[in-house]
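Chemist: Just dropping this structure here.
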Amino acid sequence: MTYFRYSALASVVLLSLGSTPALSCGPDFPLQLLSDRGTHLQNLPEPEFAVLVTQLASLPTSWPLPEKTFQSQYDYQANRLVSSTEQAEQQLLPAEQAKLIATMRQQTDAAAVLAAGKNLSDELRLYTAGAVMFSKDPKAAAALFQQVLALPTTAQQQRRSWALYSLARLQADTAPDQAIQLWQQLRAEVSKGLADPLQLAVASLGEEARLLLAQQQWPQAIGLYATQAHYGASGYASLLQLSRQLLAKPDAELQPLLQQPAVSRLLSIYLLTQLSGLQYSAPQQLTRLLQLLQQTPDIQLANALELAAVSYQQGQYDNAAVLLKQASDSPLKWWLSAKLALRSNDLAAAATAYAKASKAFPTTLPAPAKAPEFQYDEAFSRQISRKQLQTQCRVEAEAGVLALQRGEYLQALRLLYQAGSEFWQDTAYIAERVLTTAELQQFVDTEVPQGQPKAESQWSWFGDTEPNTLLRQLLARRLLREGQTDTAQRYFVEPQLQQLARQYQQLQQQSDANALQHQLERIGLYLQLDFGQLGRADALFQLATLTRQHGLELLGYELAPDYQVFYGQFEFYQTDTPPLWPIPAAEQQRLTQTAPEPDKRFHYRYVAADLAAQSAELWPQNSQAYAASLCAATTWLINRDPEVAQQYYRQYLQNGAYVPWGADFGIRCPEPDAVSAEKRLQTNFKASLPRQRDMALGGTAGLLLAAAGWWALRRRLKSN
C-alpha cells in the first residue's frame, strides 16, 4: 500500500528529511516510511545547514541564562516596530522611571537628556544620553558611554553590558582592535554573570566576525559565526551568505582559502546541505566546488564524510563507499553504511549498521527548556534541538522498517514506537494490521507506559499526543471491534472514551440478555406474546446510534479505511506505481487476516447501519419503529454509499407500513417509538388469534383423520 505524503522532519546529527507531495488537502503530514519502504530507506535526506554549521563553533556555548530577554516585535495596533531596547527600558524599570526614560529619548541633545533625567541614577542618565547621541554625535556618545563604565562597579549593573557593546560599535570603524577587545570583555563578563537582557554578547559574536572578515581572517570569523549559530538564526544566516560569497570567488582566490580547514569544512557542509538547490540553479558551480574539494588529498580526507554523502546523493555509490572508509565513526557514517548495504541487498549488514548508527548518538541531547545555550532565540534553538532529536528518531524508524521487511514484527514495532510520534503512522500500521491482537496486547502490557489524559478543552493534532497514549487507544479500539468489550475499556486513556466504552458494553449486554428472553418466549410459539424481542430491538438501535455517533473514537481504524489518526478528516489514496520493495508474503498473509470488515471508508457507519437493520427485524413490521430503524440505516449511508442505503429503503417499501414522515425517509428520521411498537405487537397478536385457533382446530382434525386411517389400515391387514 503506497500513499503520497507531506513530510516535515530533520536529519542525522545533522540531517533533515525530505518530503513528497500528498494528494489530500490538509496540514503537513509527517513522513510515512512504509508508503514506499524501499525508496525511503535507500534515499539519503538532504542535510540541515543550520544544524551542521554549529560544529564549527570556536567558543564554548555556556553563558548563563538571562532572567529575562527581549526581542524586537512589531506592534500592529500602533503600526510600528518596538525594539528590544525599548521593551527592556519599559519592562525592567519601575513605571515612573520607564516613563521618564521614554521622555528622555525624545530629546535632541545630551544636555536636554541629562536635564530631563536629573532624578534618575547617573548610570541611567549617562547611558540614555549616549544612546540619544549615538548617531548624531558619535564622539560625544562614546564619551558618555565611557563615563558609564567609569562609575563604581556597583553603580553600573543595569547598563554596563549596553555601554560596552555600544562603545565597541562606535569604535569598530576607527579602532577595530579596541572594538574587538571590548566585545571580548563583554562576553567574558556575561559568562561570569553580568546581566545581558538584550543578548548583546550573542550580537557581539557577529560584530567581531564582521571585522575579522574585513581583515581576511576567515577561520576566526567562521568560528564566531558558528558559535552565534548556537544561539539564533543570525549566525546561521551569516554563514550561509558567507558560503555563497566564497563560492563566487574565482578559483585562483578560492583554492588558497580551501587550504584553511575551517573554510573547506564550511564549503563541504554547504555543498552537502544545498545540493538539490545547486543542481537546479547552479549545476556548474556544484561540479566546480566538488572538484575543488576533492583535488587535494588532505582536504578530501578532512571532509570525507560530507563528500561521501554527496557522492551517494548523486548516485556515485562506489565512490561513496571509498570515501566512507576514510571517515571517522559517527551516526552519519553508519547511517550511510546502512544505505549502501541496502543497495547491495545485504539486509543483515544494514541492520548491524543501523544499530551502530543509533548507538553513536549522544545519550542525551540539549533540552531547549533548560540549556542556557538554547535560550537567546528560543524559537530557533528549539527548532535546532528538535532536528537533532528527529535525526536519531529517523535512524531508529528506518531500522524498524528494515526489521519489518525481515519479518521481525515485534522488533519493528519496538523500534518505530521508540522513534516517537513523527513516525506514528508506521507504528500504527504494524500494530493494527501486522501483529495479532494477542501480540499487540502483550507488547503494550510489557513495554508501553500508561497514557495521560488531556484536558477536555485541549484539542491537538495527533503529533502532539504521546505515542503511548496513541498505541493504547489503538489497542482499545481493536479489542472493541473484536467484541472484547470488558478488556478494551482499560486501554482507553481518555475518561470520556472509557465512559463511552462502558456504555457500548452495557448496550451489548442488554441486547444479548433480551435475545435470551426472546428465545425463551418463542418456545410458546402462538400461545404467548414475544416482548423480549422489543427490548432487544431497542438495545440494538441504541447501540447502532452510539456506533454511528462515536464509532470513530470507539471502533475506528487508525489508518485505512477510517483514518482515526486524522480524526477522519483526511485520507490517502493508493498509487499505481509499484513499490521498490514488495510486501513480503508472510506480512501480506497477516494483512489479509486483519482486513477491515467491511473494508470501506468510515467502516463503522456500515456497522451502525447493520445494527439498525437488525433492530428493525425485531420491531413489528407495521410499526413506526420498524420504519424509523430502517430510516436511520438509510440516512447514515445515503451520502457515503447510496447503493447500500437504497437496499434499506427498498426493505422498508417491501415490508413497512405507511408513516406520515415518509417523504423525508433517509433525510430526517424520528426515534423508534417503543411504546407504540409494544401496542402494535399486542394488536397484531389479538388479530392473529382466530387464525391461530383455526390452525389449531385444523391440526386436531388432521390428527383424528390420520388416526382413523391408521386404525382402518391395521384392521384390513389383520383380516388378510
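Chemist: Do any helices (runs of 4 or more DSSP H) lying entirely in segment 580-672 carry at least 2 residues that are closer than 30 Å to Gly407 by Cβ and modelled with pLDDT of 95 or more, and which ones are they?
Modeler: On the way: elements: 585-593, 603-618, 624-637, 642-655.
Where helices (runs of 4 or more DSSP H) fall fully within segment 580-672 and carry at least 2 residues being closer than 30 Å to Gly407 by Cβ and modelled with pLDDT of 95 or more, they are 585-593.
Chemist: Okay, next question. What is the residue count in segment 105-144 for residues that are under 23 Å from Gln71 (Cβ atoms) and either touching a Lys or Arg at 6+ places or on another chain (Cβ under 9 Å) or buried (at least 18 other Cβ atoms within 10 Å of the Cβ) (or both)? Can you show your working first?
Modeler: Residues of segment 105-144 that are under 23 Å from Gln71 (Cβ atoms), as a first pass: 105, 124, 127-128, 130-132, 134-135.
Filter once more, keeping what is either touching a Lys or Arg at 6+ places or on another chain (Cβ under 9 Å) or buried (at least 18 other Cβ atoms within 10 Å of the Cβ) (or both): 124, 127-128, 130-132, 134.
Result for segment 105-144: 7.
Chemist: How about segment 148-172: which of its residues are without any contact (Cβ under 8 Å) to a residue 24 or more places away in the chain and assigned to a helix (DSSP H, G or I)?
Modeler: The first filter runs over segment 148-172 and keeps only residues without any contact (Cβ under 8 Å) to a residue 24 or more places away in the chain, leaving 149-150, 152-154.
Selection gives Leu149, Ala150, Thr153, Thr154.
Chemist: Can you say whether Ile299 is within 27 Å of Ala357 (Cα to Cα), assigned to a helix (DSSP H, G or I) and more than 37 Å from the chain's Cα centre (by Cα), as far as the supplied structure shows? Walk me through how you get there before you give the answer.
Modeler: Working: within 27 Å of Ala357 (Cα to Cα): yes; assigned to a helix (DSSP H, G or I): yes; more than 37 Å from the chain's Cα centre (by Cα): yes.
Against the criterion (within 27 Å of Ala357 (Cα to Cα), assigned to a helix (DSSP H, G or I) and more than 37 Å from the chain's Cα centre (by Cα)), Ile299 qualifies.
Chemist: Which pairs do you get when a residue that is surrounded by fewer than 14 Cβ atoms within 10 Å (Cβ to Cβ), found in segment 59-85, comes within reach of a residue that is modelled with pLDDT under 80 and assigned to a helix (DSSP H, G or I), reach meaning Cβ atoms under 7 angstrom, with the pair 6+ apart or on two chains?
Modeler: Qualifying pairs under 7 Å: Ser62/Pro372; Ser62/Glu373; Leu65/Pro372.
Chemist: Then there's this: How do the pairs read when you match residues in segment 392-419 that are in contact (Cβ under 8 Å) with a residue 12 or more places away in the chain with residues anywhere that are surrounded by 24 or more Cβ atoms within 10 Å (Cβ to Cβ) and of a type in the set (Phe, Trp, Tyr), using Cβ under 6 Å and keeping only pairs 6 or more apart or on different chains?
Modeler: Once the first residue is in contact (Cβ under 8 Å) with a residue 12 or more places away in the chain and sits in segment 392-419, its partners that are surrounded by 24 or more Cβ atoms within 10 Å (Cβ to Cβ) and of a type in the set (Phe, Trp, Tyr) give Val395/Trp335; Ala397/Phe423; Ala399/Tyr354; Leu416/Phe423.
Chemist: Restricting the search to segment 173-185, which residues are in a helix (DSSP H, G or I) and closer than 20 Å to Ala214 by Cβ?
Modeler: Kept after step one, since they are in a helix (DSSP H, G or I), are these residues of segment 173-185: 176-185.
Answer for segment 173-185, where residues must be in a helix (DSSP H, G or I) and closer than 20 Å to Ala214 by Cβ: Pro176, Asp177, Gln178, Ala179, Ile180, Gln181, Leu182, Trp183, Gln184.
Here is a yes/no grid of residues against (1) over 30 Å from Thr683 (Cβ atoms); (2) within 32 Å of the chain's Cα centre (by Cα); (3) surrounded by fewer than 24 Cβ atoms within 10 Å (Cβ to Cβ):
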| residue | (1), (2), (3) |
| --- | --- |
| Tyr563 | yes, yes, yes |
| Phe566 | yes, yes, yes |
| Phe570 | yes, yes, yes |
| Glu587 | yes, yes, yes |
| Pro598 | yes, yes, yes |
| Ala609 | no, no, no |
| Pro620 | no, no, yes |
| Cys631 | no, no, no |
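Chemist: If you don't mind, another one. Are any residues in segment 251-277 more than 16 Å from Thr287 (Cα to Cα) and in contact with a Lys or Arg (Cβ under 9 Å, 6 or more places away or on another chain), and if so, which ones?
Modeler: Within segment 251-277, Leu257 is the sole residue that qualifies.
Chemist: Over 22 Å from Leu167 (Cβ atoms), in a helix (DSSP H, G or I) and among the β-branched types (Val, Ile, Thr) - does that describe any residue in segment 76-86?
Modeler: Let us first name the residues in segment 76-86 that are over 22 Å from Leu167 (Cβ atoms), namely 76-82.
Imposing the further condition that a residue be in a helix (DSSP H, G or I) reduces the set to none.
No, that holds for no residue.
Chemist: Within segment 461-473, is there a residue that is within 18 Å of Glu553 (Cβ to Cβ), β-branched (Val, Ile, Thr) and under 17 Å from the mean Cα position of the chain (by Cα)?
Modeler: Yes.
Chemist: Report, by residue number, each residue of segment 234-261 that is touching a Phe, Trp or Tyr at 6+ places or on another chain (Cβ under 9 Å), surrounded by fewer than 17 Cβ atoms within 10 Å (Cβ to Cβ) and touching a residue at least 40 places away in the same chain (Cβ under 8 Å).
Modeler: Hit for segment 234-261 is Gln260, nothing else.
The values are calculated or read from the model by the stated rules, or taken from the named source; none is laboratory data. These numbers come from a predicted model, not from an experiment. Because the Cβ atoms are built from the backbone with ideal geometry, glycine has one as well, and the counts that use them run over all protein chains shown.
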